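Visitor: Pasting a structure here, questions to come.
The values are calculated or read from the model by the stated rules, or taken from the named source; none is laboratory data. The structure displayed is predicted, hence computed values, not measured ones. Here the Cβ positions follow ideal geometry from the backbone for every residue, glycine too, while neighbour counts run over all protein chains shown.
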Amino acid sequence: MKVALLMGSDSDFPRLEDCVATLKDFGVPVTARVMSAHRTPEDVVQFVETDGPADGVRVFICAAGGAAHLAGVVAAHTNLPVIGIPMDNPPLGGLDALLATVQMPGGVPVATVGAGRGGPINAALLAIRILAISDETLAGRLAEFTKSQAAKVHSKDAALQAKLSNS
């Protein structure tokens, strides 16, 4: 089971590297491609309908800024899960992309994560949760990750309490 990360521009990749790293940390194969809903629509459709699924893609993550139509176009051509990452590009800081990604018409679902630094990581984790439904090994890794997140918070709280009691 593979995840495909599609981005509207290669300039978005530096902000999407955490998405790729998170997927790889969980052992989820990922393929990343630059594809444009507006400039290469035939390529998008070919990849989404044929090439991606034939290569084992089971979840699409689509990152785009501005008009941010990539996730919607992908969702229009597949029944596989689609996760949209609105890129926080100027001049509107991602608000335009967020609204374009989240406001899909009924019947064309796109799960949308937040714009900004957390979005790519959350997109990866959502894809992992989707895949973990049918993969016990991945579900176990996800459970361990969740425990480690809680342990980090408990550790930070203990450090804060120690600092406050020494003041």
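Visitor: Which of the residues spanning the range 129-167 are within 19 Å of residue 5 (Cα to Cα) and either polar (S, T, N, Q) or out of contact with any helix residue (DSSP H, G or I) (no Cβ under 6 Å at 6 or more places or on another chain) (or both)?
Guide: 129, 130
Visitor: To continue, here is another question. Go through the range 20-49 and report how many residues are farther than 19 Å from residue 72 by Cβ and of a type outside the set (A, V, I, L, M).
Guide: Qualifying residue count for the region: 7.
Visitor: With the structure loaded, tell me whether residue 39 is farther than 21 Å from residue 141 by Cβ, in the same structural domain as residue 128 (by TED's automatic domain parsing), charged (D, E, K, R) and outside any helix (DSSP H, G or I) or whether it fails that test. Steps first, answer last, please.
Guide: Working: farther than 21 Å from residue 141 by Cβ: yes; in the same structural domain as residue 128 (by TED's automatic domain parsing): yes; charged (D, E, K, R): yes; outside any helix (DSSP H, G or I): yes.
Yes.
Visitor: Looking only at the range 89-132, count every residue that is basic (Lys, Arg) and in contact (Cβ under 8 Å) with a residue 24 or more places away in the chain and tell me the total.
Guide: Total meeting the criteria: 1.
Visitor: In the range 35-66, what count of residues is obtained for those that are touching a Cys at 6+ places or on another chain (Cβ under 7 Å) and among the basic types (Lys, Arg)?
Guide: 0
Matching residues to (1) crowded, with 19+ Cβ neighbours inside 10 Å; (2) in contact with a Gly (Cβ under 6 Å, 6 or more places away or on another chain):
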| position | (1), (2) |
| --- | --- |
| 46 | no, no |
| 64 | yes, yes |
| 69 | yes, no |
| 72 | yes, no |
| 105 | no, no |
| 113 | yes, yes |
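Visitor: With a cut-off of at least 1 residues that are within 15 Å of residue 28 (Cα to Cα), name the helices (runs of 4 or more DSSP H) lying wholly within the range 58-167. Spell out how you get there, then give the answer.
Guide: On the way: elements: 70-76, 95-102, 118-132, 136-165.
By residue number, 118-132, 136-165.
Visitor: In the range 80-94, what count of residues is obtained for those that are surrounded by fewer than 24 Cβ atoms within 10 Å (Cβ to Cβ) and under 17 Å from the mean Cα position of the chain (by Cα)?
Guide: Counting residues in the range 80-94 that are surrounded by fewer than 24 Cβ atoms within 10 Å (Cβ to Cβ) and under 17 Å from the mean Cα position of the chain (by Cα) gives 5.
Visitor: For residue 98, which of the numbered conditions (1) surrounded by fewer than 10 Cβ atoms within 10 Å (Cβ to Cβ); (2) farther than 20 Å from residue 2 by Cα; (3) not acidic (Asp, Glu) fails to hold?
Guide: All conditions are met except number (1).
For every residue, the table says whether it meets (1) of a type in the set (S, T, N, Q); (2) crowded, with 20+ Cβ neighbours inside 10 Å; (3) under 20 Å from residue 121 (Cβ atoms).
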position	(1), (2), (3)
13	no, no, yes
17	no, no, yes
20	no, no, yes
25	no, no, yes
28	no, yes, yes
32	no, no, yes
36	yes, no, no
43	no, no, no
59	no, yes, yes
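Visitor: Let me ask something else about it. Quick one: which residue in 139, 143 is surrounded by 14 or more Cβ atoms within 10 Å (Cβ to Cβ) and of a type outside the set (Asp, Glu)?
Guide: 139
Visitor: So which of 22, 31 is among the β-branched types (Val, Ile, Thr) and assigned to a strand (DSSP E or B)?
Guide: So the residue among 22, 31 that is among the β-branched types (Val, Ile, Thr) and assigned to a strand (DSSP E or B) is 31.
Visitor: How do the pairs read when you match residues in the range 50-78 that are within 21 Å of residue 133 (Cβ to Cβ) with residues anywhere that are charged (D, E, K, R), using Cβ under 7 Å and keeping only pairs 6 or more apart or on different chains?
Guide: 55/2; 56/2; 57/2; 58/2; 78/49
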